[in-house]
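**Student:** Take this structure first; my questions come after.
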Amino acid sequence: MESKITGARVEVRLQQHFHLLAAALLAAFAATAALVVPFLMQIEEAINIVVVTQVLTLTMTTFMVATAHAMLFGLPLFLFVRSKRSQVGIGACALGGFVVAALPFGVLALMSMLSIQTASSNGKPTIVNGVPTLLLWIEYIRAVGLTALPGLVGGLAFWAAMRSGSRRRSWTVVSAAALLTCGVFILPVVVRDRSCHNSFRDGRTSVSPQVYANLQVPAEDWRTLEQTFADFGRAHALSIRGDEQLRDGRSTWRSLDLCNEAGISINLYDEPWLAHVHSPRAGEGMKLSISALKPDTDWKPLARHLLGEIETAWPRKTTFRGPSGQILSFDDAMKGRP
């Protein structure tokens, strides 16, 4: 009889531990959702496989960070409060989640602020002789508060999960946490871009272009350039994909990608936001790269043809670059890189 009682106590204790860990995982997942969902609402371009894989990767990374916060800071804080009080209410859990999310970022941001002697924002001083101004303190509080909001959501989720007191509900919480955790880590592996547009699908970790160039093509000619790429892709049986990130109706970056299964990859990348902020990099122009992803790929005929069409439409707007950024002639650029 005594052994049965002892076994039952051990089982109850294990269930409580699993329940506590599962509640922390659900809190991390809720905090992750609170951060990722607003990000999704800001995406203005059409949903495609690239966007989906990026969102899944962001979700996994955010969940890992949120789980670390929950396990290293959240659970110890909860256990400490519970040792002082018989019940930990919704307010305490929400406040605890807020503090857990705010504290690491707040400390790092404060250390960064105090290490700067002089700074300004939009022409207004924010740090004078190493002393932060009222404007910077307001921005600091705002940034810390926004960063901590997902933690507050996580604290509420933790409270809701811990309210499931019955044995059946407790195992339901554990099962839900296990399924969500597995989904977060499995989906980025299963849902992948397996087309030729994913240069890393075969396991490579870097791509070195054979030809790299800057195109000084006016931003208003992007649609014409896009049509040139589309016509070239159809004429040479190349798959084409365009991607663009929009913020407030304005393009921040955009790209065109041509490729085939033989290993040829042609990429054009533009960052219009650099001109909006008057960055010196805006004068560099669009970035064109031509890569051969397989050793036996004969990339030169297609490269010559495409570069010839670009030169015809936009004469003397192409600047070829070497591995160190040096300017190359067309003939030297067409020798490729080892």
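The values are calculated or read from the model by the stated rules, or taken from the named source; none is laboratory data. Keep in mind that this is a model prediction, so the values were computed, not measured. Cβ: placed from backbone, ideal geometry, glycine included. Neighbour counts: every protein chain shown. Ligands, DNA and RNA are excluded from the accessible area calculation, which covers all protein heavy atoms including side chains. Shrake-Rupley method; radii C 1.70, N 1.55, O 1.52, S 1.80 Å.
**Student:** Check the chain and count each lysine pair with an alpha-carbon distance under 30 angstrom, considering only pairs eight or more places apart or from different chains. Before the final figure, lay out the partial values.
**Tutor:** Working: Lys287/Lys300; Lys287/Lys317; Lys287/Lys335; Lys294/Lys317; Lys294/Lys335; Lys300/Lys317; Lys300/Lys335; Lys317/Lys335.
Step by step, the pairs that qualify in the chain add up to 8.
**Student:** Would you work out which of Leu114, Thr224, Leu152 lies farthest towards the positive end of the dipole of region 109-236? Charges go on Cβ: Lys and Arg +1, Asp and Glu -1.
**Tutor:** Leu152
**Student:** Moving on to the next point. For the chain, which DSSP H helices look membrane-span-like by this rule: Cα extent along the axis of 27 Å or more and mean Kyte-Doolittle of at least 1.0? Don't jump to the answer; show the numbers that get you there.
**Tutor:** Numbers: long enough: 2-41 (58 Å, 0.97); 49-69 (30 Å, 1.54); 90-114 (35 Å, 2.12); 134-162 (41 Å, 1.47); 167-190 (34 Å, 1.18).
Both cut-offs are met by 49-69, 90-114, 134-162, 167-190.
**Student:** Relative contact order of the chain: what whole-number percent is it, with Cα pairs under 8 angstrom and at least 6 residues apart? Walk me through the numbers before you get to the answer.
**Tutor:** Numbers: 430 pairs, mean separation 59.2, N = 338.
Reported as a whole number, the value is 18 percent.
**Student:** Moving on to the next point. Note down the magnitude of the dipole of region 10-168 about its Cα centre, charges +1 on Lys and Arg C-beta and -1 on Asp and Glu C-beta and zero elsewhere, to the nearest 20 debye.
**Tutor:** The calculated dipole for region 10-168 is roughly 720 debye.
**Student:** Rolling a 1.4 Å sphere over the protein heavy atoms, what is the accessible area per residue of region 86-240, to the nearest Å²? Could you put the intermediate results ahead of the total?
**Tutor:** On the way: 9220 Å² over 155 residues.
Per residue, region 86-240 has 59 Å² of solvent-accessible surface.
**Student:** Report P(r) for the chain: all Cα-Cα distances, bin width 10 Å, range 0 to the bin holding the largest distance, values in whole percent.
**Tutor:** Bin by bin from 0 Å, the calculated values are 5, 18, 21, 20, 18, 12, 5, 2, 0, 0.
**Student:** Next question, about the same structure. Which whole-percent values make up P(r) of region 28-136 when all C-alpha to C-alpha distances are grouped in 10 Å steps starting at zero?
**Tutor:** Each 10 Å bin holds this share of Cα pairs: 12, 27, 24, 29, 8, 0.
**Student:** What's the ranking of 299-307, 128-136 by average number of surrounding C-beta atoms within 10 Å, highest first?
**Tutor:** Numbers: 299-307: 16.8, 128-136: 13.1.
So the peptides 299-307, 128-136, ranked by packing, come out 299-307, 128-136.
**Student:** Using a probe of 1.4 angstrom, how much of the accessible area of the chain is carbon and sulfur, in percent? Mind dumping the intermediate values first?
**Tutor:** Values: 12420 of 19800 Å².
On the chain, the fraction of accessible area on carbon and sulfur atoms equals 63 percent.
**Student:** Listed highest first by mean packing, meaning other Cβ atoms within 10 Å per residue, what order do 272-282, 171-181 come in?
**Tutor:** Taking the mean over residues of other Cβ atoms within 10 Å, the ranking is 171-181, 272-282.
**Student:** Among Leu306, Leu135, Leu21, whose Cα sits farthest toward the positive end of the charge dipole of the chain (+1 at Cβ of Lys/Arg, -1 at Cβ of Asp/Glu, about the Cα centre)?
**Tutor:** Result: Leu21.
**Student:** At most 16 other C-beta atoms within 10 Å and a DSSP loop state: those are the exposed GluC sites (Glu not before Pro) I care about. Give me the longest piece of the chain that has none.
**Tutor:** Working: sites that count: Glu44, Glu45, Glu261.
After excluding every exposed loop site, the longest remaining stretch is 46-260.
**Student:** Moving on to the next point. Convert each backbone phi in region 191-200 into a coupling constant with the Karplus relation 6.51 cos²θ - 1.76 cosθ + 1.60 (shift: θ = phi - 60°), then list the ³J(HN,Hα) values in order as whole Hz, x for Gly and Pro.
**Tutor:** After applying 6.51 cos²θ - 1.76 cosθ + 1.60, I find 8, 9, 7, 9, 7, 5, 6, 8, 5, 10 Hz.
**Student:** Based on Cβ point charges of +1 for Lys and Arg and -1 for Asp and Glu, what charge dipole magnitude is obtained for region 255-338 about its Cα centre, in debye rounded to the nearest 20?
**Tutor:** On the way: 10 positive and 11 negative charges, 52 e Å.
So the magnitude is around 240 debye.
**Student:** Hey, another quick one. Find the relative contact order for region 230-338 and round it to a whole percent, using C-alpha pairs within less than 8 Å whose residues are 6+ positions apart. Walk me through the intermediate numbers first.
**Tutor:** On the way: 133 pairs, mean separation 16.5, N = 109.
In percent, rounded to a whole number, it is 15.
**Student:** Also: Quick test of your reading: applying the under-4.7 Å Cβ rule, which cysteines of the chain are isolated?
**Tutor:** Here Cys93, Cys182 come out as lacking a disulfide-compatible partner, given the Cβ-Cβ threshold of under 4.7 Å.
**Student:** Positive end of the charge dipole of region 227-338 (Lys, Arg +1 and Asp, Glu -1 on Cβ, about the Cα centre): tell me which of Ser239, Met286, Ala262 has its Cα farthest that way.
**Tutor:** The residue sitting farthest along the positive end of the dipole is Met286.
**Student:** While we're here: How big is the dipole moment of the chain about its Cα centre under a simple scheme where the beta carbon of each Lys and Arg is +1, that of each Asp and Glu is -1, and everything else is neutral? Debye, nearest 20, please.
**Tutor:** Numbers: 32 positive and 25 negative charges, 341 e Å.
Once rounded to the nearest 20, the dipole reads 1640 debye.
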